[in-house]
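Remarks on the structure that follows.
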Amino acid sequence: MKKSVLTLTACLSLAVFMYSSCSKEETKTVTPTTPTLYSRVGGSTMVNDPNNSGQMIEAGRLTLRAVVDSSILVIAGDPQMAKYFPVLFAELGAGNTSGLVALSKSFTDFMCTATGCTNSAYAYKGKSMKAAHDPAQNNRMGVKADKADFDKFVGDIGVGLAQNGVTSANNKQLVDDLVALLYTTEADIVQK
Amino acid sequence: MFNLNTCLFQNKNPSSILLRKCDKQISNKMKNRKFLKVLAWLGSVVAVLFVVLVVHIYLVTRHPKPTNQIQLSRIDFKQNINEVEGKKIKDFVNSLPDVKGAYFNDKDNILVYIYKIGNQNSFNVYNKVKSLGNYKAERYVVTEAAANTGCPIGKDQTTFTGMLSAYISKF
């Protein structure tokens, strides 16, 4: 009996150890020597989520989500980009409005992952950029993107940043780093 | 329960051969019991670790339930709207109930806004904007052909993970 209790205790201790060894609290304590872009826009500090009362969100994700949501509006209002996003407007008639929320979430997840967020809850789990922008591999992609449209897309993100108070005039380094980050995806996205 | 006595009792004339046979049977039974005991413990440990894994996955992947009641709409102005007028229109639309955000592209005279569906709709916003300044404007309506294309990361329902995520997000 005593032996059984000891064995059970050992198993539970092992389970607790395994769980705690990969819990997100531990990842938060790891301080990188060079601050990531994610930490520079707020990092993993938990703050109240203004869009969801009573819920908490990492400050870095909150910043990126605000930029993404602003940028989606800018891109949606850009006639040059309209050919890539008609479905977002079309879903109004169909009564299926999940596209916009999904776009915002996926785009924010992608930005979180790309900027160095370590919280697995915010990890981007979609297709690779190359597959996602290849009409042959993704029937949601109607046309291939060209260089001019990609440049315009990055410019629209810049406008989205400015709407959140970040411009080259007041934070050139951050704007330059985010633009450089976006251009790392150019080879995969521009396929025409 | 199997033991030496019952084994011998079932055999009227126990011989040394029979004794060895019974002894062997008892030994095998004991080995089986030990094996089952180890198997039970192993099963318990695996079960505990599985539960820990499930709890861990739940804790690190739980999200607030996404709201699907947000809609994007657009109004195209058929006249030039300057920056000041554009800001006025944007602020007006932003002040309407259930409108969550708006952007006016004064270069191309396009208004885009996001609203929560239910009490608000694009016809109502369009009529309010028209009445604000008697503008020449049209609601942007997507053709069926254009609706068949779109941003790939917006709605991934074609892959297994996309479908699974959509299913899990319902809970």
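The values are calculated or read from the model by the stated rules, or taken from the named source; none is laboratory data. Computed from a predicted structure; not experimentally measured. Note that we place each Cβ from the backbone using ideal geometry, even for glycine, and neighbour counts take in every protein chain shown. For accessibility, only protein heavy atoms count, side chains too; no ligands or nucleic acids. Shrake-Rupley method; radii C 1.70, N 1.55, O 1.52, S 1.80 Å.
Worth a mention:
- 5 Å binning of all Cα-Cα separations within segment A:33-189, expressed as whole percents from 0 upward: 2, 8, 15, 22, 22, 16, 10, 4, 1, 0, 0
- Cross-link pairs exceeding 19 Å in C-alpha to C-alpha distance, out of A:K105/B:K116; B:K100/B:K128; B:K78/B:K100; A:K172/B:K90; B:K88/B:K136; B:K78/B:K128, comprise B:K78/B:K100; A:K172/B:K90.
- Among the protein heavy atoms, those of B:R139 account for about 60 Å² of accessible surface (1.4 Å probe, every chain in place).
- Rounded to 0.05, the FRET efficiency of the B:N94 and B:A47 pair, given R0 = 56 Å and the Cβ-Cβ distance, is 0.55.
- Computed E for A:K144/B:D108 - FRET, C-beta separation, R0 41 angstrom, nearest 0.05: 0.95
- Peptide A:75-83, shielding by other chains (average Cβ, 10 Å cutoff): 6
- FRET efficiency, B:N80 to A:K125 (Cβ-Cβ, R0 41 Å, nearest 0.05): 0.40
- Centroid-to-centroid separation of segment B:107-124 and segment A:123-159 [C-alpha atoms, Å]: 25 Å
- Mean Cβ neighbour count within 10 Å, used as a protection proxy, ranking A:53-61, B:105-113 highest first: B:105-113, A:53-61
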